[in-house]
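Below: the structure, in structure tokens.
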Amino acid sequence: MAAVLIAPSALHSTRSMMRGPLLPGSRRVHFKTEKPARRKLIADRLACCDLVVNIYVGHGKSERVRARLLPLLVEDAIGAGVTRLVLDSRDPVANGRDRLVIGTRTKAHDAGLVYEHIQSSSEPALWVSDALAWCHGAGNDWKRRIAPVMGTVVNLGQL
């Protein structure tokens with residue numbers, strides 16, 4: 001799981017930068033399916049952006065891992081003064097589980113955090129977290145490429 005912190009003043013330029021390499025007929029940039037040369041181009045561009053990525057790692061069943069990592073992400077977002085949290089939409093039940101976790105955390109902290117689920121094809125800023133999470137997971141040269149924008153890495157291990 002990756003959380004990308006983008007200043008409101010950098011959001012427009014980040015979205016534009018991510019739309020730039022979009023291939024004709026494609027609805028989004030998805031790192032898993034990109035060719036290595038395009039991955040390098042995008043990763044290098046992201047490393048120059050005004051953003052920070054925090055990575056949250058856990059191993060095990062995906063919903064169990066998400067249930068443990070999402071509260072940490074929300075706590076960190078609140079601590080960083082984030083006012084809007086956008087998550088990649090999944091299915092209605094999974095989105096509901098996310099909202100419950102986020103709502104509980106934001107109520108507890110009276111943070112006023114606005115949060116929503118959006119289809120990744122509609123929000124190019126979500127492509128950033130996909131790309132940076134992929135680079136972190138791929139390791140070696142990929143981690144080196146994104147080092148300028150790396151923030152915290154939280155690894156809970158096996159869950």
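See the values below:
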read-out	value
Filter result for Thr152 (in contact (Cβ under 8 Å) with a residue 24 or more places away in the chain, of a type outside the set (Asp, Glu), surrounded by fewer than 16 Cβ atoms within 10 Å (Cβ to Cβ) and touching a helix residue (DSSP H, G or I) at 6+ places or on another chain (Cβ under 9 Å))	yes
All positions within the range 1-53 that are open to solvent by 60 Å² or more (accessible area, probe 1.4 Å) and acidic (Asp, Glu)	Asp44, Asp50
Of all residues making up the range 129-142, the number that are in contact with a strand residue (DSSP E or B) (Cβ under 8 Å, 6 or more places away or on another chain) and either surrounded by fewer than 19 Cβ atoms within 10 Å (Cβ to Cβ) or charged (D, E, K, R) (or both)	2
For Tyr56: the one exception among (1) open to solvent by less than 20 Å² (accessible area, probe 1.4 Å); (2) within 16 Å of the chain's Cα centre (by Cα); (3) at pLDDT below 95	(3)
Test: residue in the range 78-89 that is farther than 20 Å from Thr152 by Cα and either out of contact with any strand residue (DSSP E or B) (no Cβ under 9 Å at 6 or more places or on another chain) or at pLDDT 90 or above (or both)	yes
Which numbered condition Leu126 misses (of (1) part of a helix (DSSP H, G or I); (2) open to solvent by 40 Å² or more (accessible area, probe 1.4 Å); (3) modelled with pLDDT of 95 or more)	(2)
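The values are calculated or read from the model by the stated rules, or taken from the named source; none is laboratory data. These figures come from a predicted structure and were not determined experimentally. Don't worry about glycine lacking a Cβ; one is built from the backbone with ideal geometry, like all the others, and counts go over all protein chains shown. Areas reflect the complete protein model, heavy atoms only, side chains present, ligands, DNA and RNA absent. Shrake-Rupley method; radii C 1.70, N 1.55, O 1.52, S 1.80 Å.
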